[in-house]
Structure formats: C-alpha cells, structure tokens
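Worksheet: one structure, shown below.
The values are calculated or read from the model by the stated rules, or taken from the named source; none is laboratory data. In this text the structure is predicted, and so the values were computed from the model without any measurement. Backbone-built Cβ (ideal geometry, glycine too); neighbour counts: all protein chains shown. Only protein heavy atoms, including side chains, enter the accessible area calculation; ligands, DNA and RNA are left aside. Shrake-Rupley method; radii C 1.70, N 1.55, O 1.52, S 1.80 Å.
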2 protein chains.
Amino acid sequence: MQVLPPALERLIDSLARLPGIGRKTATRLALFILRKPPGLARDLATALSQLHQSIQLCSCCFSFSESDPCAICADPRRQADTLCVVEQSGDLLAIEKTGAYRGHYHILHGVISPMDGIGPEEIKVRELQARIASGTIKEVLIATSSTVPGEATASYLIDLLQHAPVRLTRLARGIPMGMDIKYADRHTLARAIESRSQAK
Amino acid sequence: MQVLPPALERLIDSLARLPGIGRKTATRLALFILRKPPGLARDLATALSQLHQSIQLCSCCFSFSESDPCAICADPRRQADTLCVVEQSGDLLAIEKTGAYRGHYHILHGVISPMDGIGPEEIKVRELQARIASGTIKEVLIATSSTVPGEATASYLIDLLQHAPVRLTRLARGIPMGMDIKYADRHTLARAIESRSQAK
C-alpha cells in the first residue's frame, strides 16, 4: 500500500537523484521541508527554476557565470597572462578561496578517462590550445586533482603543450598543512621527499 | 569579489538551510544540479512547489496526506481499535516498513521538551485524548524514540492515560537484532536483562 503521499514521494525521488543522497536522507530532507513553513520550499523551487535560465558558460574560461565574459575574465586587475587549468568549477572556487592566485582560469569540464569514454575531445582541451595560440598567455598552471584521471589529464596536457611558448607549471605535491608525518601515506611522503625545498 | 554567480549563490543558500547540509555540501549539490541538463532542476522545483499545495494533515491521525482522512485511516482492513503514537511522520514510515503493525496511528508532531519551550499543549496530546474519549480505541502503543525527550513524552502520556479505559503498551527495549552482546551499551543490556522473555 501507498504510505507516502504522491507529492512527497515525487520530492523524495528527485532529491535521491542528487549525489551522496540516498532514499533515507532524501526522505528525511523531504519531511523536514514539509514540516517547515512553505517559505523554504518556495525559495528552493525559485532558486532551482532560475538556475539554468540565468547561468551560462563564460565563452573565455568556461566557468559558470551570469555574464559573458565572467567576472574574473572581465576583471582588469587580474593577470591575463596566467591561466590556471582546473577540472571543474568547484576547483576554481577552492583556489579563489585561498586568495593566493590572481590570474585567469580555464575550466576543462571533466578529466580524460578512457574507461568512461571521455577523451580530450570531450573536455575543453581544444579551447585551451586556442587560448594559448592567441599569444597572450605566458604561464599555464595545471591544477588537476591528484587522482588517477587527474594525473592522466595533467600528463596529457604537458605532452600536448610541451612545445607551446608558455611556462608550464603544476601545483606542488607534498605533506598537507597540519598533517602529522607518521600519518601521511607513503606516496605523498615519497613525493614530499623528492620535491623537498631549500630551507635556508 | 563575487566568485559565484548570484543565481548559484541563492541555490546554495537555500540548500544550506536543510538539516545536515553545510555550505560545502550545498555548493557540491548546486554545482551538480548546474552541470546536469535542466530536467533535474525542473523536476525538483516542481516537486517543491507542489509539496505544500497538495499535502495536508489528516484530521484524524495528523499524518501528512493528500487526502483527508489519510489512506491508513480510511483503510477498512486496518484495526481501528489500536493506535500507535509516534513523534513524527518519519517514525510512521519506519513502522509501516516493518509490516508488523496493522492498526492506526497518532502523530504527535514533536516531543515534550521543556528546555525548548515545548509542552503537551504544543504537540497533539489533547487530540490523542479526544480520540481515546471517543470510545473506539482499545490499545494505545506508545512508540516514541528511546531518547531523553522521547522517554519524557512517553512517561507523560502514561501518567496522563493511566485511568483511560485502554490497554497502554510500549515498544520492547533490548538488544538490537544482529548485535554482538559485548558491543551493546550497558543501559541497553541492563534493560534486555530486566525485560528478559521466557525462552521455553
């Protein structure tokens, strides 16, 4: 027998399509929304309806933006000769939060992953080459994740761009801040030793 | 500077109002929704907009329902003389999933919690008394949670209903199924010993 009202069931079904949200969490969230005054449901519904209408990809760096070019590409105070290549918009946000980077970005919108049928043609690699070919770029900082597909994508880009007239750099690999050496995994520790820096 | 497009920021703000979802998870969910075709956002928005419109409280048991009385209260195959008193609709769902209960329900919509200013007047206690006073109820199974406010609510109800012409029962407390005795906490184990049942 049908225990849940169909309207609640539909919300649970939709919520359960989100990553990391199973049916149990979806049910908990849906019941929470139902118990609250309708304002929360309305705000969420409005934000969701407007999302794809108002957001597009910046035609320059391919980040999500309400304007084209995006705020970063349009900002004259940022260094237009440096590109940071990231997998997804979430990576851009993480780098922006550090405040340590003042250049432009290039969002690949994915990683090369032959197992999933994703080659260089499926991500914004050609667009990266076009930006470099335009001649204004001096440094390309490859900031893909330190995962197997992230490393594969970085290797592919380094091969592809090795003769381009730009400085190719990568994020440093090593011990995360605040980590006790004895808890670091051996690959990280090995990398930290290989890439050791001059202390004095 | 504003890194996130305002439309994305609004969705993140709304998602972060849900329980157990912080800003980091909200950002991850919002970016996921943005990367997917607009169908997901549309389905979610529709489900959210229709939620409060189509769902009301059953005037009999106070569960959320699209009809009044709800499907359970209206079902002639269920035992109308037995009431299971639960805190919230989620508890009703959990009990329904067991298939072990065939009576009606009464949703309190909360627990007595003086620290939060919630007394018997704030939850559906008076309505429970009215249902019992109608004379058709033979058993009231108190199924509040085994938490401090859940136990306090159960004690209050037992006091309140001790002279009512109904059989008052509670869920059994003991070792959960599949649990190794040595990992059971001592309160649960003590309760399981006190409430031991005849094996043969």
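A few notes on this one:
- When you work out D = kT/(6 pi eta Rh) for segment A:6-54 at 20 °C and 1.002 mPa s, using the Kirkwood radius from C-alpha pairs as Rh and the Stokes-Einstein form, the result is 188 µm²/s.
- Label-point spacing for A:GLY135 across the identical copies (point 7 Å from Cα in the Cβ direction), in nm and ascending order: 9.8.
- Remark: mean inter-chain Cβ contacts per residue of A:23-33 equal 4, using a 10 Å Cβ-Cβ cutoff to other protein chain atoms.
- Peptide A:9-18 is shielded by partner chain Cβ atoms: per residue, an average of 5 of them sit within 10 Å of its Cβ.
- Kirkwood-based shape ratio for segment A:28-78, expressed as Rg/Rh from alpha carbons: 1.26
- At R0 = 56 Å, FRET efficiency that the Cβ-Cβ distance of B:ARG77 and A:ASP116 yields, to 0.05: 0.70
- Summed buried accessible surface, chains B and A, 1.4 Å probe, nearest 100 Å²: 4800
- Each of A:MET179 and A:GLU194 was given a label point 7 Å from its Cα along the Cα-to-Cβ line. The distance between the two points is 1.5 nm.
- Taking a quarter of the surface of the Cα convex hull of the protein assembly as shown gives a mean projected area of 28.9 nm².
- The per residue volume of the convex hull around the alpha-carbon atoms of segment A:43-139 is 134 Å³.
- Positive dipole terminus of segment B:6-54, leading residue within B:LEU15, B:THR27, B:ALA41 (C-beta point charges): B:THR27
- For peptide B:55-64, the mean count of partner chain Cβ atoms within 10 Å of a residue's Cβ comes to 2.
- Loop-located GluC sites (Glu not before Pro) in segment A:1-109 whose Cβ has at most 13 other Cβ within 10 Å (DSSP): none
- Under 5 Å from the amide H of A:ILE112 lie the amide H atoms of A:THR153, each residue being 5 or more positions distant or on a separate chain, with H modelled from the backbone and absent for Pro and chain starts.
- When you work out D = kT/(6 pi eta Rh) for segment B:99-194 at 37 °C and 0.692 mPa s, using the Kirkwood radius from C-alpha pairs as Rh and the Stokes-Einstein form, the result is 217 µm²/s.
- Ranking B:ARG77, A:ARG28 from most to least accessible surface, computed with a 1.4 Å probe over the protein chains only, gives B:ARG77, A:ARG28.
- Nearest-20 debye value, segment A:64-198 charge dipole, Cβ charges on Lys, Arg, Asp, Glu: 600
- A:THR169 long-range amide H proximity, modeled H, under 5 Å: A:VAL140, A:LEU141, A:ILE142
- Temperature 37 °C, viscosity 0.692 mPa s: under these conditions the Stokes-Einstein estimate for chain B, based on its Kirkwood radius over C-alpha pairs, is 162 µm² per second.
- Among B:161-168, B:31-38, sorting by the average number of other beta carbon atoms lying within 10 angstrom of each residue, highest first, gives B:31-38, B:161-168.
- Using a Förster distance of 22 Å, the FRET efficiency for B:LYS138-B:GLU96 (Cβ separation, nearest 0.05): 0.60
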